[in-house]
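J.: This is the structure I have questions about; it appears just below.
The values are calculated or read from the model by the stated rules, or taken from the named source; none is laboratory data. These numbers were taken from a predicted model, which means no experiment stands behind them. Ideal geometry is used to build each Cβ from the backbone, glycine not excepted, and the neighbour counts take in all protein chains shown.
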Amino acid sequence: MIHLSSPHLHGGDSIRVTMLSVIVALLPAAIVSVYLFGWLALLLIVFCMVICMLTEAVSLKMMGRSLAPVGDGSAALTGLLLALTLPAYTPWWMALLGSIMAIVLGKQLYGGLGYNLFNPALAARVILLVSFPLNMTVWIMPMHVGTPAIDLYDFSACLNLLLFGPEALNLGLDAITMASPLGHVKTEWSQGIAFADALKNYDFSYLDAFLGREAGSIGETSALALLFGGVYLLARHTISWHIPFTYLATVALLAAIFSSVDPDHFAPPLFHLLAGGLMLCAFFMATDPVSSPVTPLGQIVFGFGCGLLTWAIRTWGGYPEGAMFAVILMNCTVPLIDHYCRPRVYGHAGKGNS
Amino acid sequence: MLHTLYKALGIEAASFPGGVEPDMAKITADSPTATSMLAPLFILPIKQHIGEVCEPIVAVGDEVKWGQKIARSQGYVSLPVHAPTSGRVIKIEEHPIPHPSGMGLPSIFIESDGDDRRDHSLEAIADYRGRDPAELRERVRFCGIAGLGGAVFPTFIKLLKDKRNPIETVIVNGIECEPYLTCDHRLMLEKAKEIIAGIDIAMHMVGAKKAIIAIEDNKPDAAASMRQALASDEINLPEDCRIDIRMLSTLYPQGSEKQLIYALTGKQVPAGRLPMHIGVLCHNVGTLKAIHDAVVLGRPLTDRIVTVSGDAIPRPGNMKARIGTPMRFILGEHGLDSFDDVHLLHGGPMMGEKMMSFDIPVVKSTNGLIAMRPESMKLAHRIEQPCIRCGHCSTACPVNLVPNLLADQCRNEQFDRAEAYNLFDCIECGCCSYVCPSHIPLVHYFRYGKGQLAQIKRERDFAELSRQRSEAREARIVREREEKAAKRRVVREKHPPKAEAATTSGESEKASGEGES
């Protein structure tokens, strides 16, 4: 019956093509993660993707629905995104739990693809962070940065670590981890040390931060790799510039204003842009089409809100991972934004949105 | 505001927001218009326009001539129907019309006698500028001319010279933005002078001094042809009148009236109103040529150019077809005889209707017959998946709607919400469905929503009418009762009751007094 309705042409776009293009855009970050974190990164990525797809298949079967969506790439993408936000040392059962929760709690319980309120990977990451704060906030020393305690290119060492924990390698957690730049700065601030001194204590270099040679979760360290992916998505028109640009500009602007007034206690814009999960969230998490607004104006409002919350949580909040919380909080406001930020319809000039 | 800036900088007007760029597939652009053979049987539905149906004025067995009126219009928004050739009326019965549901309308069947004898009752008017516009308008109405761009709105209604809504500019729509269709393109190449004459007549009828011929930039030869015709000696425009040619970027739906007006003038037609309310009128080139034929040659609308194209047609081309020719006949002339596994579209692929059979006649709105193989239609007919809220539909919408929210509301029967979200501003161009990665048939949901809202409105109006009638009846009963009581009072005053002492006789008089009233 539906075939009777015009139009009888289609542009050729599909959900699978869209999801695959985002996976391709994440490949540079994934490659850098393997370069820095060796087998840990690779095992985590593969494990999370497989578990996500399996969980989706099981959930759909239990709900009595067709298994076709498993092949549309959205579960695989969720797995990849989740893995990239995890610290390199994530015990296998935590990764399992996170993947299952991402698909079940973050997506299928709402009704499947297109109906979730929150970004599924982000929702799972936040649940993991709040449930296991210690594991989720310690960062394995990456390869090619200083002298790491473990050889992450040794497969059996990495497998043992993931399955049995650092005790299997006769090492304590402290010996193999270090603080991320953002985490270090926050600790120093709480001890009253000025920002510039804190950076000196850490031996921080902006170039390293840009390229990714720093501690952090496996996918978020390299701003360069993420920028490659982001620009690819923008060029393909898979995402539009409104969210990432507004998000990053808001953080940069707030950081610029406050750090020029008090440079000791407020980080400068470049530091904010390169530190933590901001780049990953701005290009890949906040831009998730299902949980972000539909209209350009709405997207600008959303990006602004994310930027404001990210900067505020990082500066004054107790939790690390400000970017993730900011996006999750803004996800709640999306239906409201969608209603009020509709464009002006042709012929209704001067009458507002209704 | 942007438009003023563009004009100041001398840049071509920026087009409308959104739109899509399908493969234009103008494979018949270089095929000269052929003339169709005379079919043995012609089928004329009594309604081929927007408005009221016509009433047949011929009976079975009557002989008719080519151009003779065979059905008269009823009501204001209506147009007569004329015989496409000479012959005999063999039956008048219901027959399917070009509608996706396969519904039918009473149709007049004419068996052609092959002689093509014309009805010459209409005067050929060469000097139209010397005639009263009202007389010309009646000629346009009498000849059954409707908007040949596909909308088939009665043209004479759009040619009213009204002091309250003066027309400054006549826009000539030579855009033809639908893929495959080339009938307007060929018309501009082959009948440029007739089109210009038609523009002249239209300008005279509405009192406009300016006309703009809008052509998409994939048709430079058509623009050259029109320019040449404008410069020729045969066209004598009055001193203060001007006809310009403007090329617009190739984008679908550039030819949509509201979007075209915005692209050319920077003005938006206010919602619920018509272009004439902002001083512009839009006419298709085919309509203007038909106006020329009606006025200058005295010929009613009995034929039009049809583009026969698509990947299932062995010999695609453009054909001048008589209105009422069965589609099967025309498709056969282009090499398509077997209709197994052929999808036939009436109109263009973006807004056309899929036909259920091939024995349906060509009508005034048939600008194209596109026959496609099933494999080519697979992409457009994929199974619908959930909406991922990507927003591409909203970006593509030329009217700035948010289609995914609207479709959701229509599907969930929240019709008043859909109306608040401007459902009725949708022009059903199909850009949203074209770009949707989930293959959601958005236009289908909008049509459903509009239909339901119209039905709800009808029921509400009927309920309101019933309520008013019921209240009027109640008021009438109360009023009659009061009138009766008032009369009784008057009678009582005239014959006041006697004093208490005069007992029964007084009472009986009172009683008889009351009885009389």
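J.: For segment B:328-351, give me each residue that is under 23 Å from B:LEU301 (Cβ atoms) and touching a residue at least 60 places away in the same chain (Cβ under 8 Å).
T.: Within segment B:328-351, B:PHE329, B:ILE330, B:GLU333, B:HIS346, B:GLY347, B:GLY348, B:MET351 qualify.
J.: Right, here's the next one. Can you tell me which condition B:ARG242 does not meet? The list is (1) out of contact with any strand residue (DSSP E or B) (no Cβ under 6 Å at 6 or more places or on another chain); (2) without any contact (Cβ under 8 Å) to a residue 40 or more places away in the chain; (3) more than 14 Å from chain A (Cβ to nearest Cβ), and all the others hold.
T.: Of everything listed in (1) out of contact with any strand residue (DSSP E or B) (no Cβ under 6 Å at 6 or more places or on another chain); (2) without any contact (Cβ under 8 Å) to a residue 40 or more places away in the chain; (3) more than 14 Å from chain A (Cβ to nearest Cβ), B:ARG242 misses just condition (1).
J.: Is there a residue in segment A:135-147 that is surrounded by fewer than 22 Cβ atoms within 10 Å (Cβ to Cβ), more than 14 Å from chain B (Cβ to nearest Cβ), out of contact with any helix residue (DSSP H, G or I) (no Cβ under 7 Å at 6 or more places or on another chain) and in a helix (DSSP H, G or I)?
T.: Looking through segment A:135-147, none of the residues is surrounded by fewer than 22 Cβ atoms within 10 Å (Cβ to Cβ), more than 14 Å from chain B (Cβ to nearest Cβ), out of contact with any helix residue (DSSP H, G or I) (no Cβ under 7 Å at 6 or more places or on another chain) and in a helix (DSSP H, G or I).
J.: I need the full set of residues from segment B:395-451 which are part of a helix (DSSP H, G or I), within 14 Å of B:GLY18 (Cα to Cα) and either more than 7 Å from chain A (Cβ to nearest Cβ) or touching a strand residue (DSSP E or B) at 6+ places or on another chain (Cβ under 9 Å) (or both), in order please.
T.: B:THR395, B:ALA396, B:PRO403, B:CYS431, B:CYS432, B:TYR434, B:VAL435
J.: For A:THR90, state whether it is in a helix (DSSP H, G or I), in contact with a helix residue (DSSP H, G or I) (Cβ under 7 Å, 6 or more places away or on another chain), crowded, with 20+ Cβ neighbours inside 10 Å and of a type in the set (Val, Ile, Thr).
T.: Spelling it out, it is not the case that A:THR90 is in a helix (DSSP H, G or I), in contact with a helix residue (DSSP H, G or I) (Cβ under 7 Å, 6 or more places away or on another chain), crowded, with 20+ Cβ neighbours inside 10 Å and of a type in the set (Val, Ile, Thr).
J.: Considering only residues of segment B:333-353 that are among the aliphatic types (A, V, I, L, M) and assigned to a strand (DSSP E or B), which is farthest from the other protein chains (Cβ to nearest Cβ)?
T.: B:LEU344
J.: Residues in segment A:290-315 that are buried (at least 24 other Cβ atoms within 10 Å of the Cβ), β-branched (Val, Ile, Thr) and closer than 18 Å to A:LEU122 by Cβ: how many?
T.: 1
J.: Test each condition in (1) in contact with a strand residue (DSSP E or B) (Cβ under 9 Å, 6 or more places away or on another chain); (2) within 14 Å of chain B (Cβ to nearest Cβ) for A:LEU113 and report the one that comes out false.
T.: Only one criterion is unmet by A:LEU113, namely (1).
J.: Of the residues B:LYS498, B:LYS487, B:LYS457, which is modelled with pLDDT under 95 and not in a helix (DSSP H, G or I)?
T.: Just one listed residue meets the conditions, B:LYS498.
J.: Determine which member of the set A:VAL145, A:VAL126 is farther than 22 Å from A:LEU43 by Cβ and among the β-branched types (Val, Ile, Thr).
T.: A:VAL126
J.: Looking at (1) within 14 Å of another protein chain (Cβ to nearest Cβ); (2) without any contact (Cβ under 8 Å) to a residue 60 or more places away in the chain; (3) of a type outside the set (Ser, Thr, Tyr); (4) under 21 Å from A:ASP288 (Cβ atoms), which one does A:VAL22 not meet, given that it meets all the others?
T.: Single failed check for A:VAL22: (2).
J.: Filter segment B:264-276 down to residues that are touching a His at 6+ places or on another chain (Cβ under 9 Å) and on the phi < 0 side of the Ramachandran plot and give me whichever is nearest to the other protein chains (Cβ to nearest Cβ).
T.: Filtering segment B:264-276 for residues that are touching a His at 6+ places or on another chain (Cβ under 9 Å) and on the phi < 0 side of the Ramachandran plot, the one nearest to the other protein chains (Cβ to nearest Cβ) comes out as B:ALA271.
J.: Taking the criterion of being more than 30 Å from B:TYR421 (Cβ to Cβ) and under 14 Å from the mean Cα position of the chain (by Cα), would at least one residue in segment A:310-320 satisfy it?
T.: Yes, because at least one residue in segment A:310-320 is more than 30 Å from B:TYR421 (Cβ to Cβ) and under 14 Å from the mean Cα position of the chain (by Cα).
J.: Quick one: would you say A:PRO181 is buried (at least 18 other Cβ atoms within 10 Å of the Cβ) and in contact with an Asp or Glu (Cβ under 7 Å, 6 or more places away or on another chain)?
T.: When the stated conditions are applied, A:PRO181 passes them.
J.: Do we find that B:ASN412 is without any contact (Cβ under 8 Å) to a residue 24 or more places away in the chain and more than 23 Å from the chain's Cα centre (by Cα) in this structure?
T.: Yes, satisfied.
J.: Among the residues of segment B:366-394, write down those that are polar (S, T, N, Q) and surrounded by 22 or more Cβ atoms within 10 Å (Cβ to Cβ).
T.: B:THR366, B:ASN367, B:SER394
J.: OK, next. Considering each residue of segment A:260-288, count those that are free of Cβ contacts under 8 Å to residues at least 24 places away in the same chain and within 14 Å of chain B (Cβ to nearest Cβ), and give that number.
T.: Residues that pass the stated criteria total 0.
J.: Further question: Kindly indicate which of A:LEU36, A:LEU42, A:LEU27, A:LEU4 is free of Cβ contacts under 8 Å to residues at least 24 places away in the same chain and more than 14 Å from chain B (Cβ to nearest Cβ).
T.: Exactly one of A:LEU36, A:LEU42, A:LEU27, A:LEU4 is free of Cβ contacts under 8 Å to residues at least 24 places away in the same chain and more than 14 Å from chain B (Cβ to nearest Cβ), namely A:LEU42.
J.: Can I ask one more? Tell me yes or no: at least one residue of segment A:225-243 is within 14 Å of chain B (Cβ to nearest Cβ) and buried (at least 24 other Cβ atoms within 10 Å of the Cβ).
T.: yes
J.: Criterion first (away from chain A (no Cβ under 11 Å), in contact (Cβ under 8 Å) with a residue 24 or more places away in the chain and surrounded by fewer than 24 Cβ atoms within 10 Å (Cβ to Cβ)) does B:GLY279 satisfy it?
T.: So B:GLY279 passes the test.
J.: Only one of (1) within 14 Å of chain B (Cβ to nearest Cβ); (2) at pLDDT 90 or above fails for A:PHE304. Which number is that?
T.: The single condition A:PHE304 does not satisfy is (1).
J.: Under the condition of being at the interface with chain A (Cβ under 9 Å from one of its Cβ atoms) and either within 22 Å of the chain's Cα centre (by Cα) or free of Cβ contacts under 8 Å to residues at least 24 places away in the same chain (or both), which residue from segment B:354-379 is nearest to A:ASP288 (Cα to Cα)?
T.: Among those that are at the interface with chain A (Cβ under 9 Å from one of its Cβ atoms) and either within 22 Å of the chain's Cα centre (by Cα) or free of Cβ contacts under 8 Å to residues at least 24 places away in the same chain (or both), it is B:LEU379.
J.: Checking the conditions here, which among B:LEU181, B:LEU148, B:LEU105, B:LEU159 is surrounded by fewer than 23 Cβ atoms within 10 Å (Cβ to Cβ), in contact (Cβ under 8 Å) with a residue 24 or more places away in the chain, of a type in the set (A, V, I, L, M) and under 28 Å from B:VAL53 (Cβ atoms)?
T.: Of the residues listed, the single one that is surrounded by fewer than 23 Cβ atoms within 10 Å (Cβ to Cβ), in contact (Cβ under 8 Å) with a residue 24 or more places away in the chain, of a type in the set (A, V, I, L, M) and under 28 Å from B:VAL53 (Cβ atoms) is B:LEU105.
J.: Is it fair to say A:LEU67 is over 30 Å from A:LEU173 (Cβ atoms), surrounded by fewer than 21 Cβ atoms within 10 Å (Cβ to Cβ), away from chain B (no Cβ under 11 Å) and modelled with pLDDT under 90?
T.: Yes, satisfied.
J.: Here are some residues: A:ILE218, A:ILE243, A:ILE257. Which one is in contact (Cβ under 8 Å) with a residue 60 or more places away in the chain and in a helix (DSSP H, G or I)?
T.: A:ILE243
J.: Follow-up question, since we're still on this one. For the structure I just gave you, tell me whether B:GLU474 is within 30 Å of B:LEU274 (Cβ to Cβ) and either among the charged types (D, E, K, R) or loosely packed, with under 11 Cβ neighbours inside 10 Å (or both).
T.: no
J.: Can you find a residue in segment A:63-78 that is over 30 Å from B:ALA380 (Cβ atoms) and either in a helix (DSSP H, G or I) or touching a residue at least 40 places away in the same chain (Cβ under 8 Å) (or both)?
T.: Checked against the condition, which is being over 30 Å from B:ALA380 (Cβ atoms) and either in a helix (DSSP H, G or I) or touching a residue at least 40 places away in the same chain (Cβ under 8 Å) (or both), segment A:63-78 yields no hits at all.
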